[in-house]
1. Amide H neighbours of E:Asp91 under 5 Å, at least 5 residues apart or on other chains, H built in the peptide plane: list them.
2. Note the angle between two axes, namely the Cα long axis of helix F:9-19 and the longest principal axis of the Cα atoms of chain F, as a number of degrees from 0 to 90, rounded to the nearest 10.
3. Would you mind telling me the antiparallel percentage of the DSSP bridges in the range E:1-122, rounded to 5?
4. Apply the Karplus curve 6.51 cos²θ - 1.76 cosθ + 1.60, θ = phi - 60°, to the phi angles in the range B:113-124 and return the couplings in whole Hz, x for Gly and Pro.
5. At D:Arg7, with labels set 7 Å past Cα in the Cβ direction, how many nm apart are the copies from this one, shortest first?
6. Karplus couplings for the range A:145-154 from phi (6.51 cos²θ - 1.76 cosθ + 1.60, θ = phi - 60°), rounded to Hz, Gly and Pro as x?
7. Using the Cα gyration tensor of the protein assembly as shown, with a ≥ b ≥ c the square roots of its eigenvalues, what is the shape: rounded (a/c below 1.5), prolate (a/b larger than b/c) or oblate (neither)?
8. Using each residue's phi in the range F:177-183, evaluate 6.51 cos²θ - 1.76 cosθ + 1.60 at θ = phi - 60° and report the 3J(HN,Hα) Karplus result to the nearest Hz, with x for Gly and Pro.
There are 6 protein chains.
Amino acid sequence: MAANGARDPEESLIFEKLLQVSTDSAWAVCASLGYPNSFIEGLTTVLPDRKMVGRALTLRYVPMRPDLNERERASGSTLAKRAVELAGPGDILVVDAGGETGAGFIGDVIGTRFVVRGGAGLVVDGAIRDLHYMRTIGLPMYLRGAHAAGSGRRIVGVDLNGTVSCGGVAVTPGDILLGDAQGILVIPRAIAREVAEKAAATEHKENFLRATLQKGIRTIDDVYPPNAEVLEEYEVYRKQHPVD
Amino acid sequence: MAANGARDPEESLIFEKLLQVSTDSAWAVCASLGYPNSFIEGLTTVLPDRKMVGRALTLRYVPMRPDLNERERASGSTLAKRAVELAGPGDILVVDAGGETGAGFIGDVIGTRFVVRGGAGLVVDGAIRDLHYMRTIGLPMYLRGAHAAGSGRRIVGVDLNGTVSCGGVAVTPGDILLGDAQGILVIPRAIAREVAEKAAATEHKENFLRATLQKGIRTIDDVYPPNAEVLEEYEVYRKQHPVD
Amino acid sequence: MAANGARDPEESLIFEKLLQVSTDSAWAVCASLGYPNSFIEGLTTVLPDRKMVGRALTLRYVPMRPDLNERERASGSTLAKRAVELAGPGDILVVDAGGETGAGFIGDVIGTRFVVRGGAGLVVDGAIRDLHYMRTIGLPMYLRGAHAAGSGRRIVGVDLNGTVSCGGVAVTPGDILLGDAQGILVIPRAIAREVAEKAAATEHKENFLRATLQKGIRTIDDVYPPNAEVLEEYEVYRKQHPVD
Amino acid sequence: MAANGARDPEESLIFEKLLQVSTDSAWAVCASLGYPNSFIEGLTTVLPDRKMVGRALTLRYVPMRPDLNERERASGSTLAKRAVELAGPGDILVVDAGGETGAGFIGDVIGTRFVVRGGAGLVVDGAIRDLHYMRTIGLPMYLRGAHAAGSGRRIVGVDLNGTVSCGGVAVTPGDILLGDAQGILVIPRAIAREVAEKAAATEHKENFLRATLQKGIRTIDDVYPPNAEVLEEYEVYRKQHPVD
Amino acid sequence: MAANGARDPEESLIFEKLLQVSTDSAWAVCASLGYPNSFIEGLTTVLPDRKMVGRALTLRYVPMRPDLNERERASGSTLAKRAVELAGPGDILVVDAGGETGAGFIGDVIGTRFVVRGGAGLVVDGAIRDLHYMRTIGLPMYLRGAHAAGSGRRIVGVDLNGTVSCGGVAVTPGDILLGDAQGILVIPRAIAREVAEKAAATEHKENFLRATLQKGIRTIDDVYPPNAEVLEEYEVYRKQHPVD
Amino acid sequence: MAANGARDPEESLIFEKLLQVSTDSAWAVCASLGYPNSFIEGLTTVLPDRKMVGRALTLRYVPMRPDLNERERASGSTLAKRAVELAGPGDILVVDAGGETGAGFIGDVIGTRFVVRGGAGLVVDGAIRDLHYMRTIGLPMYLRGAHAAGSGRRIVGVDLNGTVSCGGVAVTPGDILLGDAQGILVIPRAIAREVAEKAAATEHKENFLRATLQKGIRTIDDVYPPNAEVLEEYEVYRKQHPVD
């Protein structure tokens, strides 16, 4: 197990690179590879200063109905409990609760277990409970809301690790997620390495372009995209300060 | 096959009874049996004068994503096409498109095939296409919207006959649906006969109570619920005009 | 009792005049008298071809709570039943249900009694039940929604004939209401006669102006507002066809 | 002037072809030519049985502000009046009122003049006044709402025939608009002929495919898209019944 | 007067206990006693790190209307001013402004007086003014918005200490309110002591269960709810660390 | 150039005064001068502790459309780039993106250039990109959202320094803007000096009134508005501590 929660060296490299980039740089690569609809909308972050990187473990909830509730319980445990026991380092719970904010799918006790299991984040198209406690445990969380009521008031779990819809983006289990202050990007695993590497290169270049602009001499049209002169300067810089 | 699209005498009896009742009377029975959250909200009906009765055949869509689109196509056909070929008399397509109204899941050609197959209705938490044509074919439809764009603009099919969420209600395949001018009630099959029979009895009684009020003599407190005198009159009436 | 449901000759005259005018003409007079915020927004009409005129009888509901429910029942009857028994010819129930559309405040049985009592309309910032039946009884209705569930699922009655909020407008008992295809205007009783008379005069004049434009000779700048020539023509016309 | 309101034979041909097709068929061609975001969302139609074809004449409103109001009046007339006097046969007023439904941009008198001028339709991302009258004059209208208040309560006109935003689509003056029961498609003039012709061909073919399905023998996978056999049958049919 | 703003020892005990518990634990007890709909939704907190406990003093506003405004002024003062003069230690203003965020019901001057009077919090289904100042005075506030305009722009006060609707929950004067980072729970006075005591017991137990999980040995199914072994450990712990 | 970004002494005085006042005090003056609808609604601030004062430089975007995109590029640069090169000290970009939050109109590189140019703030009825970076550069920002996608995904620029609509308020180039924790006030230049001076006087007086209340002796009715005695005290105070 890598320090960043990755399961293997390939994943570790992806996670490491993504920790250096913004959702914007990564989105641009995703879009160029055919995935423009990959940024989750409408959730708010609880820890805007923390980056989040990990892989998706998905849960799906539908509106409460007694027979489905019985079926969930008959499986031995609730969906949320099964999910946190299945979770390991680097896992992010991605919860499709259909945007329901009138009940929370998880609270302080199950949340504590998730942290112990090494969970890397929560992305909830719905609500959690116990926000006062949950925002103190250092777990990156992206939520539509928080509510004092338990899930049984409104929703019931139906699927673990199926394809779900979350904030307007489809998420499949194993997708790589990148979260920063503005939201979460969903990256299909098949393109994750390419996204991570190209986005890191973009980021490296844009850092240079911002520094160039900060000198106050060149205009935006010279610099973004860079004209021949600025590009040459960047190439010199890049040799001295290579992309990691 | 019964005239009303039912598959067996039990279902035929249920369908027949439900055709006589309102979603209100049926909701009251559902609620008394533990299912208060059974009325779909937020859809509009295209044919308010037509009642709809049938069984649910469910489809689930998530936001468009190229790899899921390939997976759907790899199954040999699109989800909508597989659904209409699977459909028979009495089937109602219940579509969970996550409320997306920026693309239609079905249009005039596939819709025509569904009618030929004997389809009994469409309930779409999302949109259809070709509304100008579709509203002429006599099929009861409950929709969140209609859009000129094909599904590929926004959504991709992922599940046939799984549990879905539609207008705030969970629907499982085989649920019995009752639609009238105000919306759609979702009735779990296990309680459908009881709901149909009790609702028909309620309806019979309330018709009498309305007729009683129309005479203009009694007040609402005498009649609803009926006091001893009115109840006695109803018992006499019920012997003369039994519930079917 | 006048034919139009009025309680006295003054009210009868107001009702009669208002039946000839649009909510637009009446709004313009209300606005000029200091009441620009008098048109209810967000409700839909069930009978767009019927005009509605009457006086407000108000009901207020809040979210369901068991102790308030007990208090309502302890008053001997539900709020809706007390309201329909209190209602007489010319009364319009104005219901502040806080926009809640997940339960209906009234259904077919109580609605029938209201019609028998001479009720002139329903204006509901919330929902009714039994829409399939209610839309057949000829009662003008303006609603935010319709739902199969009874009020007890979500709301409880707290006030009869207090000041309420309905579709963004404050309504007090006894206000005069005018409804047409586009919505409902709330007219304080103190200004109702002035509104009715001035609006009838406006209507008379605008009918003439539209007829003038339909001849296809004059431009909109000649006619609206009318220049001296058109005004003179109107004065001639008005002498021949006086405002009722 | 052509019978259909067109200004020249080219436009007349476009209008004629478009009258035969649905917004769906036309959208598919627009999307294939790079314009997928061309269907206006969120407006409702007042005359669902009428098709609408014409060219855009655009108006832009912003929230009311006294100095802008003075500036509008200083131009000699209001924006709406200038627009209807500028309008001729085949013109459709496309109004960007920012979705404001608390005041109507036009009412019965100005609307009458617009009809006299030969106006072909109204598409309003906002509201009109006098709905009770306006829905009787046979003019296709697509609206977000209707309100009794005049525009001065909320909005003020700032641009005539500039680029506007309407229901999520950019519209420029002279764009060709096609409206049917489900909404309005915005077709840039440069591609309008190609859209009209290809959509008419699609429509012709889909009519045949629907008729084929109605015989009840072939499945949707045989017919949509047509397999070799069905395609051959269609070629035979097309020779006998050519696209107009 | 107790240190926590309570009026008597009973209330003081309730306030003290509630200060130790979360809205989640208290909600669970409320729900078990028949009050599941007791958590206010849709407001945001200005001081997420402050707990709020107190009793409700209610205000109701409706959309502005000149005659109601005159009536309010005729009472000698505005509703907000009468409320703050009525308020004492432990009082929380609960304001039903119908969700209106286009004008603030209270600002810095009246807010200052409320703090001087010992006010314990603001819960506003609407907006306040002077947010820049108000967020510096240490008063817990839960708001739908903040606006620079005074109440007269949109709303007028009609009721002091009546039953109101706030964020989807009915509130009556004297209800006990508990606020934390995620929102506000409304507790009817008749059950407040039971809620406070049972919630404190729950909290005590869940603290233990979280600590147990943090050791990383037991699974969520062992601990939540606790199996016999964990329960026994808790009983030992509880004897050593009794609930206050 | 003045220290506060003003272009001339008059503007410098206005900026200086406005920095001392709240949007509330300034709104009250605007409203009294005929501009009640001057406070932008629905945006959130990223730096609630920073005041913002400056003049409006406006941009207008409409939904993306390829031909408009070509037209924008044909002008030599994108709208955002032209705007930041045009901007100087004291300029605030006011962006009408129609509320679109699915793509950002500006990101870290262009944002950096704007800061170098002396830009005083961003007010966006839409979204920006690179929020994680942008919130670190000390620029006051009021936004509807933030998104990882570039503007080309959804919007295209059409107007520089025209009249725009932003958060329900019309903004013209050169308007003076005042932002604080609760939002932004738009002040027409023609009244800006009067607004600044009168608001500063109000602020001065309300500071005194709050201090008076904090002594805990007088009631709100004595102080707000001040009775003769308090007014006299204020006059004494004002002589000793004149308004700047």
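1. Those qualifying (amide H under 5 Å, at least 5 residues apart or on another chain) are E:Arg55, E:Ala120.
2. So the inclination is approximately 70 degrees.
3. 0 percent
4. 4, 5, 5, 4, 6, x, x, 9, x, 10, 10, 10
5. 3.8, 6.1, 6.1, 6.4, 7.6
6. Using θ = phi - 60°, the values come out as x, 9, 8, 6, 7, x, 4, x, 5, 9 Hz.
7. rounded
8. Values per residue, Gly and Pro as x: 10, 10, x, 9, 4, 9, x Hz.
Values quoted throughout were computed directly from the atomic coordinates according to the rules given, and no laboratory measurement underlies them. Model, not experiment: these values are computed from the prediction. Positions of Cβ are generated from backbone atoms using ideal geometry, with glycine treated the same way; all protein chains shown enter the neighbour counts.
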